[in-house]
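One structure below.
The values are calculated or read from the model by the stated rules, or taken from the named source; none is laboratory data. Keep in mind that this is a model prediction, so the values were computed, not measured. Note that each Cβ is placed from the backbone with ideal geometry, even for glycine, and that neighbours are counted across all protein chains shown.
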């Protein structure tokens, strides 16, 4: 324990003086001050904090390799940082998103926790800063201004690579499988929510798959810029107090640690003052969200009813749909996915505005960008997985209903247009609608085409 502790607390110091911190925790004075002044709102995202652990370990390794950090101390820092990266010290990071816009207090929270954990492992006194100092050793060759954006990029890249992109690829494969399975199911198309010419249900689902494929490609196109890291820029982008080549050295160690192609950002001034790569990434998430809303809404509409709506699709019966109407089944997975997508669109507005707030050498909306982007990624990954498992994989086509609606549609008359002209075909459709006749019956009544000609031309399977 500390040399000065009482009533479950110990005294820690920073440049403003001494302050009591909980004895059972590893954080120090700057963390405690931030908790006092910013006690509200959500905590910093866990993926960001674990990314900080990887970053601090890589920085210590680069400092040792450059001869700036004693290996005995450096290995203590690396070991403690790896505990942070592994989630063993998650409870030591209580700070909120809504703090300084540079994330300085979270960077110091990480520095203090790593320092005190290393001191403990060495057998020293928590809070003594001996033999490990949070600034002089853990934060060596760094600034909050380059570590926080670097941790943002590490966390986003990791969550994209391990969570969202795999979820999107699985969803895409599922849609492609449905397109193949429904290839022979011919149905009426709809434009403006009105009947249109036929297509196959497989073609409809193939369109959904292509939408998702385009969105996934747009997202993946933003990833190489996310792999570019700000570390090495220190306070304003000049790299003051860091050894030559430090950014490249840390990026190389992060490549080894995380298995992703991280590089040093080519311009550190941009990397600190702007967040274009993350803004572009979230913009791509918003494109995906738009496509997913369309897909989910279409499936919800096609499954509407089941008797008084379109009723072409049959949803899995996951849970009762009403507390008052027995037997009701609702499109809950569609609703969940669309709510997530609307949240992502709202997050994007905040991200784009926050990314515009780079004044001079530093953007000071970093925690907000990190929170919203990581939340959007997590929500989309979870919702896409749930939608695939609990909606699409159990989805069925009501082929008899589809056939009835196809047979009743007036828009099959479009097949007659090349033979009898647009105006005569329109007359048949209008007469059939007004007199509640089939198209064939109306065509024969009006005498605009004979039965043999009608049967030869109006064949839905040849119209797709």
Just name the residue that is surrounded by the most Cβ atoms within 10 Å (Cβ to Cβ) out of those in the stretch 200-235 that are in contact with a strand residue (DSSP E or B) (Cβ under 7 Å, 6 or more places away or on another chain) and under 19 Å from residue 300 (Cα atoms).
201
Consider residue 299 carefully, then state whether it is crowded, with 18+ Cβ neighbours inside 10 Å, without any contact (Cβ under 8 Å) to a residue 60 or more places away in the chain and assigned by TED's automatic domain parsing to the domain that holds residue 207.
no
Going by the conditions given, is residue 238 buried (at least 22 other Cβ atoms within 10 Å of the Cβ) and either over 17 Å from the mean Cα position of the chain (by Cα) or not in a helix (DSSP H, G or I) (or both)?
no
Which listed residue, of 60, 91, 29, 79, is closer than 18 Å to residue 142 by Cβ and modelled with pLDDT of 95 or more
60
Taking the conditions exactly as written (at pLDDT 95 or above and on the phi > 0 side of the Ramachandran plot), does residue 86 satisfy them or not?
no
Criterion: surrounded by 20 or more Cβ atoms within 10 Å (Cβ to Cβ) and touching a helix residue (DSSP H, G or I) at 6+ places or on another chain (Cβ under 7 Å) - qualifying residue of 443, 397, 427
443
Which of the residues belonging to the stretch 319-335 are in a loop (DSSP other than H, G, I, E, B), touching a helix residue (DSSP H, G or I) at 6+ places or on another chain (Cβ under 8 Å) and either surrounded by 14 or more Cβ atoms within 10 Å (Cβ to Cβ) or not assigned by TED's automatic domain parsing to the domain that holds residue 290 (or both)?
321, 331
Kindly state which helices (runs of 4 or more DSSP H) lie completely within the stretch 417-464 and contain at least 3 residues that are over 18 Å from residue 188 (Cα atoms) and within 51 Å of the chain's Cα centre (by Cα).
422-435
I need a count of the residues in the stretch 165-184 that are surrounded by fewer than 20 Cβ atoms within 10 Å (Cβ to Cβ), touching a residue at least 24 places away in the same chain (Cβ under 8 Å) and more than 30 Å from residue 366 (Cα to Cα).
2
Mind listing whichever residues of the stretch 352-370 are buried (at least 24 other Cβ atoms within 10 Å of the Cβ) and under 16 Å from the mean Cα position of the chain (by Cα)?
369, 370
I need a count of the residues in the stretch 200-233 that are in contact (Cβ under 8 Å) with a residue 12 or more places away in the chain, part of a helix (DSSP H, G or I) and over 27 Å from residue 276 (Cα atoms).
8
Quick check: is even one residue across the stretch 35-55 within 31 Å of the chain's Cα centre (by Cα), more than 25 Å from residue 271 (Cα to Cα) and assigned to a helix (DSSP H, G or I)?
yes
Tabulated pairs, the stretch 75-88, first in the same structural domain as residue 56 (by TED's automatic domain parsing), second surrounded by fewer than 21 Cβ atoms within 10 Å (Cβ to Cβ), C-beta under 7 angstrom, 6+ apart or interchain:
76/121; 76/122; 79/121; 80/121
Has the stretch 268-282 got at least one residue that is surrounded by fewer than 24 Cβ atoms within 10 Å (Cβ to Cβ) and part of a loop (DSSP other than H, G, I, E, B)?
yes
Taking the stretch 110-128 and keeping residues over 36 Å from the mean Cα position of the chain (by Cα) and either under 10 Å from residue 73 (Cβ atoms) or buried (at least 21 other Cβ atoms within 10 Å of the Cβ) (or both) leaves 119, 122, 126, 127
Could you figure out which of (1) surrounded by fewer than 24 Cβ atoms within 10 Å (Cβ to Cβ); (2) touching a residue at least 12 places away in the same chain (Cβ under 8 Å); (3) within 24 Å of residue 251 (Cα to Cα) isn't true of residue 162?
(2)
Would a scan of the stretch 97-108 turn up a residue that is surrounded by 24 or more Cβ atoms within 10 Å (Cβ to Cβ) and free of Cβ contacts under 8 Å to residues at least 40 places away in the same chain?
no
Applying the selection to the stretch 383-394, what residues are touching a residue at least 40 places away in the same chain (Cβ under 8 Å) and surrounded by fewer than 19 Cβ atoms within 10 Å (Cβ to Cβ)?
385, 386, 390, 393, 394
Scope the stretch 57-88; condition within 25 Å of the chain's Cα centre (by Cα) and crowded, with 24+ Cβ neighbours inside 10 Å; matching residues:
84
